[in-house]
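Okay, structure first, notes after.
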Amino acid sequence: MNAWSTASKDKHGSYWKLPSYNRAPRLIRDITAELSRRNYQVPQRISREDAIDALQRSDRGLMSYHGLGNDELRGFINARRIQHAGTLKGESKATGTRLIHILQRADDNPRFERFSHLAPELRNRIYEYYLGSLAQPIYAPSQPPLTLTSRLLRQETLPMFYSTSIFVLSFINTSDSNFRLRIPDQLQLFIHNTLPSHLALIERLIIRVGTRALPTQPPRPQNNRRDDFVSEGAACLEIRARVPLEGTGYRVDGRLRRITHAKGQAAVDKVRAVLGGVVARPGKGRMTKDDFYALRRAVEEGLNS
């Protein structure tokens, strides 16, 4: 596992989580080297715990206050109207460390009482930034926590989440003599528990087929190889598809490993046929629950042809 990645094994709910650093390097010099690479300022003498906290602040997009003078720190406190005993009453003797602590504590307890008063266009920009930071692609995901904060945010963010995310469909072959594909339980739960109005918004898919359980998240390519998308030795097929909500144009690309080109191409052609029917439907929002099972059958028929 990469030292700077999340330690969670709960993939369907970890795509939105920041790295936990439970397995961060033990040596403080390695952690400070990562901070230096990010150009994130910290004190010369810093504990391992504080260094990891600085990494997490960097991940959250929070600025470092180290290296700023006391007047600049007080300026931030005044500009943000941070109410803290003594800080707004001419506390001229407050140390830089204390002022930094006040600002960091305010960062950890943000307040957005008037977020809903922002123009819808501004809120959408914020949603785009948030959703764009999520790990992709995602497999049978739970809904991101931002969608659970209020009715307004749920109504505004869920359509954007489903229409912009890349969803993985992982089919497992259960037969030794031919291809008999099975949809894993977790993926079936996602298909059945997601509202039809939300399934209809899905535009981008990655279909993965393997002779044994495939990873739900693609491993990092090794030695700059782009084909390391499953374990070595596994016969597999990966199909990437894009189905626009409007129009008839769609794109399907396939990659093979230890599956003949003819069988892989036949599967891709079958997928194209299914998606052609999807995009031929009138109106916006097209994918249905039945389409996911039709895609499984299409890939299975293509590989058995």
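The values are calculated or read from the model by the stated rules, or taken from the named source; none is laboratory data. Keep in mind it's a predicted model, so treat the numbers as computed, not measured. Don't worry about glycine lacking a Cβ; one is built from the backbone with ideal geometry, like all the others, and counts go over all protein chains shown.
Residues being in contact with a Ser or Thr (Cβ under 9 Å, 6 or more places away or on another chain) and modelled with pLDDT under 80 are entirely absent from segment 29-38. The set of residues in segment 121-144 that are among the hydrophobic types (A, V, I, L, M, F, W, C) and in a helix (DSSP H, G or I) comprises 122, 126, 131. Exactly one residue out of 157, 211 is polar (S, T, N, Q), crowded, with 17+ Cβ neighbours inside 10 Å and at pLDDT below 80, and it is 211.
Residues of segment 102-126 that are under 15 Å from residue 152 (Cβ atoms), surrounded by 12 or more Cβ atoms within 10 Å (Cβ to Cβ) and among the charged types (D, E, K, R): 123 alone. Among the residues making up segment 22-59, those that are in a loop (DSSP other than H, G, I, E, B) and surrounded by 12 or more Cβ atoms within 10 Å (Cβ to Cβ) are 23, 24, 25, 38, 40, 41, 42, 43, 46. Taking only segment 163-179 into account, find how many residues are surrounded by 14 or more Cβ atoms within 10 Å (Cβ to Cβ) and farther than 21 Å from residue 136 by Cβ. Qualifying residue count, segment 163-179: 3.
Considering every residue within segment 281-295, establish whether at least one is in contact with a helix residue (DSSP H, G or I) (Cβ under 8 Å, 6 or more places away or on another chain), under 24 Å from residue 193 (Cα atoms) and among the polar types (S, T, N, Q). Within segment 281-295, one or more residues are in contact with a helix residue (DSSP H, G or I) (Cβ under 8 Å, 6 or more places away or on another chain), under 24 Å from residue 193 (Cα atoms) and among the polar types (S, T, N, Q).
Each row is one residue, and each column tells you yes or no for (1) within 13 Å of the chain's Cα centre (by Cα); (2) aromatic (Phe, Trp, Tyr).
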site: 101; (1), (2): no, no
site: 131; (1), (2): yes, no
site: 134; (1), (2): yes, no
site: 161; (1), (2): yes, yes
site: 178; (1), (2): no, no
